[in-house]
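One structure is given here, and the rest of the page talks about it.
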Amino acid sequence: MQPNNIEQQLTKGTTTVAVKCKDCAILVADMRASMGTLVASDHAKKVHRLNDYSAITIAGLVSDAQYIIDIMQAQIRLFELDRKRKPKTSMIANLVKNMLYGQYRQYFPYYVQLMVGGWDKTGPHIFSFDMAGSVSEDDWMSTGSGSPLAIGVLEVMYEKDMTEKEGMKLALKALKSAIKRDTATGDGIRAVVIDSKGFRELSKEDIIEHGGAL
């Protein structure tokens, strides 16, 4: 049966989690892509590298998210070639904000929820956005259909200046709470750490070691 209204067509599900630690930013996400009640993919990539020191998580319409990521990667690369340095994480967040609230998107927003995490000389940072382009810097955040479940865990258990190990354990615990209860979240975990050494994606074995076994 075909969807009979636009709301059903736009129904999507996922869970992404971001945690700011003492020396790094952590981004984790599930791997299930859904279209209503259909599991469209069980290996969807929802954490994308923007440059050596930043990444973006996606929830919502994949086409909108992919367009934004392509433009962001190109703009960041042009900045690096022109200025001979890496942009601050806050600058990357402002680029995303400007795209989400551009001249032609004010009344037709991108159907996405995004988070940017990164590291620069001022330390680790996490930024989140709404569809209209409003941006806020957070110590932790979650997006997607399972985010209410993950936020409950983060709100209770987050502490300032957590180590990478502590932060990864918390991020995975929050994500797993959504996987257990949200039917649109599941099919594995991707996890990324960004610190002074740059972008690093954890292997399946590393995720299991940090408590990410399902």
Open item on the list: With the requirement that a residue be hydroxyl-bearing (Ser, Thr, Tyr) and out of contact with any strand residue (DSSP E or B) (no Cβ under 9 Å at 6 or more places or on another chain), what does segment 171-194 give you?
Closed with: Ser177
Task: Residues within segment 140-189 that are surrounded by fewer than 16 Cβ atoms within 10 Å (Cβ to Cβ), closer than 23 Å to Pro124 by Cβ and among the β-branched types (Val, Ile, Thr), tallied - done: 2
Task: Spans of strands (runs of 3 or more DSSP E) in segment 33-143 with at least 1 residues in contact with a His (Cβ under 7 Å, 6 or more places away or on another chain) and among the charged types (D, E, K, R) - done: 135-137
- [ ] Look through segment 43-90, keep the residues that are within 11 Å of Leu114 (Cβ to Cβ) and of a type outside the set (A, V, I, L, M), and return whichever of them is surrounded by the most Cβ atoms within 10 Å (Cβ to Cβ).
- [x] Thr57
TODO: Mind listing whichever residues of segment 46-68 are over 10 Å from the mean Cα position of the chain (by Cα) and within 16 Å of Leu27 (Cα to Cα)?
DONE: Arg49, Leu50, Asn51, Asp52, Tyr53, Ser54
Open item on the list: Taking the criterion of being closer than 27 Å to Lys160 by Cα, among the small types (Gly, Ala, Ser), in contact with a Gly (Cβ under 9 Å, 6 or more places away or on another chain) and surrounded by 15 or more Cβ atoms within 10 Å (Cβ to Cβ), would at least one residue in segment 120-127 satisfy it?
Closed with: no
Task: segment 166-180 residues that are hydroxyl-bearing (Ser, Thr, Tyr), paired with ones that are in a helix (DSSP H, G or I) and surrounded by fewer than 24 Cβ atoms within 10 Å (Cβ to Cβ) (beta carbon under 6 Å, 6 or more apart) - done: Ser177/Leu149; Ser177/Val153
TODO: Taking the residues in segment 98-118 that are surrounded by 17 or more Cβ atoms within 10 Å (Cβ to Cβ) and more than 15 Å from the chain's Cα centre (by Cα) as candidates, determine which candidate is modelled with the lowest pLDDT.
DONE: Tyr101
TODO: Of the numbered conditions (1) assigned to a helix (DSSP H, G or I); (2) of a type in the set (Asp, Glu); (3) surrounded by 16 or more Cβ atoms within 10 Å (Cβ to Cβ), Glu205 fails exactly one; give the number of that condition.
DONE: (3)
Open item on the list: Asp187 - would you say it is touching a residue at least 40 places away in the same chain (Cβ under 8 Å), closer than 23 Å to Arg32 by Cα and among the acidic types (Asp, Glu)?
Closed with: yes
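The values are calculated or read from the model by the stated rules, or taken from the named source; none is laboratory data. Note that the coordinates shown come from a computational prediction; the quantities given were computed from them, not determined experimentally. For neighbour counting, all protein chains shown are included, and Cβ atoms are generated from backbone atoms with ideal geometry for every residue, glycine included.
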